[in-house]
1. Identify, from the list VAL104, VAL128, the residue that is under 19 Å from ALA49 (Cβ atoms), buried (at least 17 other Cβ atoms within 10 Å of the Cβ), within 16 Å of ligand 2 (Cβ to nearest atom) and not small (Gly, Ala, Ser).
2. Which of the residues belonging to the range 1-33 are in a loop (DSSP other than H, G, I, E, B), out of contact with any Leu (no Cβ under 9 Å at 6 or more places or on another chain), more than 14 Å from TYR307 (Cα to Cα) and more than 9 Å from ligand 1 (Cβ to nearest atom)?
3. Can you say whether GLU144 is surrounded by fewer than 20 Cβ atoms within 10 Å (Cβ to Cβ), assigned to a helix (DSSP H, G or I) and more than 16 Å from ligand 2 (Cβ to nearest atom), as far as the supplied structure shows?
4. Can you give me the number of residues within the range 216-259 that are under 16 Å from SER151 (Cβ atoms) and either away from ligand 1 (no atom under 15 Å from the Cβ) or of a type outside the set (A, V, I, L, M) (or both)?
5. Being in contact (Cβ under 8 Å) with a residue 40 or more places away in the chain, among the hydrophobic types (A, V, I, L, M, F, W, C) and closer than 19 Å to GLY103 by Cα: is that true of CYS66 here?
6. Could you check how many residues of the range 250-296 are over 19 Å from the mean Cα position of the chain (by Cα) and either in a loop (DSSP other than H, G, I, E, B) or modelled with pLDDT under 95 (or both)?
7. Yes or no: the range 74-84 includes at least one residue that is more than 16 Å from ligand 2 (Cβ to nearest atom), at pLDDT below 95 and either of a type in the set (Ser, Thr, Tyr) or more than 16 Å from the chain's Cα centre (by Cα) (or both).
8. Within the range 42-68, can you find the residues that are under 16 Å from the mean Cα position of the chain (by Cα) and part of a loop (DSSP other than H, G, I, E, B)?
Amino acid sequence: MKRNIILDCDPGHDDAIAILLAGSNPNLNLLGISVVAGNQTIEKTARNALNVATYLGIDVPVAIGCEFPMVRERVICAAIHGESGLDGFDFPKYDKPFDKRHGVQLIIDSVLNNEDVTIVATGPLTNVAMAIKLEPKLLNKVKEIVLMGGSVDNGNTSPAAEFNIMCDPEAAHVVFSSGIPVKMIGLNVTRKVIVTDEVISRMEKINSKPSDMFAKLMKVFNANQRNTFGVKAGPLHDPATVACLIDESLIKFQKMNVVIDISHGPSYGRTNCDIFDYLHAPHNAYVAMDIDVEKYWNIVEKGIKAY
Ligand code: BDR
Ligand code: CA
């Protein structure tokens with residue numbers, strides 16, 4: 001049976017590839033895409049999500065979600081994702097409309113009207129947290145939340161915090177303390193899947209519409225990573241969420257207590273992962289500890305070829 005998923009995202013280069021994987025796997029039933037502000041403003045991330053879906057022929061509702069985080073001021077990430085949020089690829093002008101519902105409502109409807117829905121989240125957790133607060137029935141109805149965010153070690157936005165969690169730590173707190181099963185895929189794992197020049201040319205060789213999008217986006221993504229972090233190539237974070245649903249052996253998870261730092265101090269937005277169970281506190285999340293890199297790129301390649 002196909003697995004029902006809803007994708008909440010903020011495209012974003014790596015989010016675009018998460019959409020690509022979610023839309024092309026025969027074992028996944030993508031119910032819709034809700035969009036949140038994060039890598040860029042909501043106008044831009046929403047437009048990008050609709051463009052990617054339309055370009056790839058993924059015919060699902062795309063709904064505009066939250067513009068601002070729950071408590072803190074908004075943060076965006078133009079240094080990596082550019083002015084458009086998806087610099088490097090020019091999409092044709094489409095006239096396909098957005099779904100009329102708010103992104104939060106799309107999440108709620110998708111969960112309540114279908115069985116065993118997994119929420120895949122690749123951006124700040126504002127929409128997901130708002131959905132949980134607006135419709136408490138979600139607490140018993142969501143199968144699990146699989147998210148890219150956090151880290152068991154250092155951050156990429158502050159010494160302590162990873163970008164998605166940093167953008168809305170209070171929302172992350174709502175999600176991690178909700179009681180819904182959470183799978184957290186953080187930087188400690190996604191930093192292992194570097195989209196090197198070899199990876200780009202391997203995908204480029206497929207020579208199709210999706211591979212062209214992949215290669216053009218990744219070249220700009222890497223140039224921006226180089227200018228910002230001084231690395232040759234960047235980590236392709238977000239597709240790891242969808243990939244681990246496609247192949248359950250891809251990522252090794254460990255169940256543990258995770259607390260989000262919402263203290264507004266220097267560690268604001270840190271995912272405090274109690275790997276050694278010092279606190280004997282409830283194990284509220286499955287935390288990604290390792291990934292099979294070769295399998296990962298095979299999944300991405302297969303996802304591109306599936307169109
Ligand atoms: C996360 O931050 C965003 O810039 C990426 O899209 C990814 O979701 C990595 O920290
Ligand atoms: Ca993202």
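1. Numbers: VAL104 fails: within 16 Å of ligand 2 (Cβ to nearest atom).
Sole residue among the options that is under 19 Å from ALA49 (Cβ atoms), buried (at least 17 other Cβ atoms within 10 Å of the Cβ), within 16 Å of ligand 2 (Cβ to nearest atom) and not small (Gly, Ala, Ser): VAL128.
2. Keep residues of the range 1-33 that are in a loop (DSSP other than H, G, I, E, B), which gives 1-2, 10-12, 25-27.
Subset that is out of contact with any Leu (no Cβ under 9 Å at 6 or more places or on another chain): 1, 10, 26.
From what's left, more than 14 Å from TYR307 (Cα to Cα): 1, 10.
The answer is MET1, and nothing else.
3. It is false that GLU144 is surrounded by fewer than 20 Cβ atoms within 10 Å (Cβ to Cβ), assigned to a helix (DSSP H, G or I) and more than 16 Å from ligand 2 (Cβ to nearest atom).
4. 14
5. Working: in contact (Cβ under 8 Å) with a residue 40 or more places away in the chain: yes; among the hydrophobic types (A, V, I, L, M, F, W, C): yes; closer than 19 Å to GLY103 by Cα: yes.
For CYS66, the condition - in contact (Cβ under 8 Å) with a residue 40 or more places away in the chain, among the hydrophobic types (A, V, I, L, M, F, W, C) and closer than 19 Å to GLY103 by Cα - is met.
6. The total comes to 20.
7. Quick first cut of the range 74-84, residues more than 16 Å from ligand 2 (Cβ to nearest atom) only: 83.
Now narrow it down to the ones that are at pLDDT below 95: 83.
Next, from what is left, pick out any that are either of a type in the set (Ser, Thr, Tyr) or more than 16 Å from the chain's Cα centre (by Cα) (or both): 83.
Yes; the residues of the range 74-84 include at least one that is more than 16 Å from ligand 2 (Cβ to nearest atom), at pLDDT below 95 and either of a type in the set (Ser, Thr, Tyr) or more than 16 Å from the chain's Cα centre (by Cα) (or both).
8. Passing the criteria: GLY65, CYS66.
The values are calculated or read from the model by the stated rules, or taken from the named source; none is laboratory data. Source: prediction; values computed, not measured. Using ideal geometry, Cβ is built from the backbone for each residue, glycine included, and neighbour counts are taken over all protein chains shown.
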